[in-house]
Structure formats: structure tokens, C-alpha cells
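First the structure, in the form of C-alpha cells, and then the observations on it.
The values are calculated or read from the model by the stated rules, or taken from the named source; none is laboratory data. Not measured: the values here are computed from a predicted model. All Cβ positions, even for glycine, are placed from backbone atoms using ideal geometry, and neighbour counts span all protein chains on display.
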Amino acid sequence: MNKDWHSGHFCCWQCDESLTGQRYVLRDEHPYCIKCYESVFANGCEECNKIIGIDSKDLSYKDKHWHEACFLCNRCRVSLVDKQFGSKVDKIYCGNCYDAQFASRCDGCGEIFRADPGPIKAQIELKVLILKHVPSIPICE
């Protein structure tokens, strides 16, 4: 922002309160006080329904947002930060809970097919690869 202001004129774009000596956020070349910025632009947490403030990490997946401390498995409540997870009906699960609850099972041995890691594109490619190599998969005992 290359603008010059008298100290009394440097105000929040939303509430018009003075920002002189205050923390503020620039958005689209306009200054906002922290309170206004968070109420207008911050995301709400899917878990606790509170605002994810500018001093918090905002973790997102499929247009949903969580505080870092709220990004938990819906079933066992383990943290999913930096871990593989799956989603079903707008809920997120750790790999183990997702596999136990939703994974397909082999009709031969009853073992579950583990959740595929990586983005959806990689999962689709992996499934195609498995279909191409089915004859080489060992028969269950």
C-alpha cells in the first residue's frame, strides 16, 4: 500500500476506527482492524464453529476449515495434522478409522483394502493400475 495518511485519517475500512499504533491487515489495498477483518473475512471452524483468527493456523479440505487443534478424526479424535485421512459424508477420519468403517473388504479373505494415500487423481490412477494388474494379484488363502 503506497498511500500516505495523517495519523487521524488512517482508519479501518469497515468500522472507521483509528489504526494509528494498532495492528491491522491490508486486504485489496484497504486497511482493516483485526476485529473487522476477522468478522468479515476469516473462516469459521467446522469443529468448534468459532472464527479462525489471523493468529491461528487455518487448515482446509474441500472448502471446509478447521483450527489446527480441531482437525481431529471424527471417530477416535486423534489429530489429523500431517497425517493421512479420509472423508465420508462431510466428516473426516484417520486412516485406521476410515479403513475400519468404510473400506471395501476382499471377498476372498475378508481383509480390508487400505485407503489410498495422496490426492484423488492419484487414487483414480492407482485403481486403474490395479485393474490392469489384477491377474498378477496373488490368490487369498
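Under 6 Å between Cβ atoms, which residue pairs at least 6 apart in sequence (or on different chains) link something in the stretch 45-57 that is touching a residue at least 24 places away in the same chain (Cβ under 8 Å) with a partner that is not in a loop (DSSP other than H, G, I, E, B) and not aromatic (Phe, Trp, Tyr)?
Filtered contacts from the stretch 45-57: Cys45/His67; Cys45/Cys70; Glu46/Lys64; Glu47/Cys70.
Specify which of the listed residues (Lys91, Lys64) is modelled with pLDDT of 90 or more and over 23 Å from Ile112 (Cβ atoms).
After applying the criteria, what remains is Lys64.
Could you identify the single residue in Val81, Val89 that is surrounded by fewer than 15 Cβ atoms within 10 Å (Cβ to Cβ) and either in contact (Cβ under 8 Å) with a residue 60 or more places away in the chain or within 12 Å of the chain's Cα centre (by Cα) (or both)?
Only one candidate qualifies: Val81.
Please verify whether Asp63 is farther than 24 Å from Ile92 by Cα and either acidic (Asp, Glu) or touching a Pro at 6+ places or on another chain (Cβ under 9 Å) (or both), treating the condition exactly as stated.
For Asp63, the condition - farther than 24 Å from Ile92 by Cα and either acidic (Asp, Glu) or touching a Pro at 6+ places or on another chain (Cβ under 9 Å) (or both) - is not met.
Is it the case that Tyr24 is over 23 Å from the mean Cα position of the chain (by Cα) and of a type in the set (Phe, Trp, Tyr)?
Spelling it out, Tyr24 is indeed over 23 Å from the mean Cα position of the chain (by Cα) and of a type in the set (Phe, Trp, Tyr).
Take Asp4 and decide whether it is acidic (Asp, Glu), closer than 30 Å to Gln84 by Cα and modelled with pLDDT under 90.
The answer is no for Asp4.
Given the structure, is Cys73 modelled with pLDDT of 90 or more, more than 23 Å from Gly86 (Cβ to Cβ) and either of a type in the set (Phe, Trp, Tyr) or out of contact with any His (no Cβ under 6 Å at 6 or more places or on another chain) (or both)?
Spelling it out, it is not the case that Cys73 is modelled with pLDDT of 90 or more, more than 23 Å from Gly86 (Cβ to Cβ) and either of a type in the set (Phe, Trp, Tyr) or out of contact with any His (no Cβ under 6 Å at 6 or more places or on another chain) (or both).
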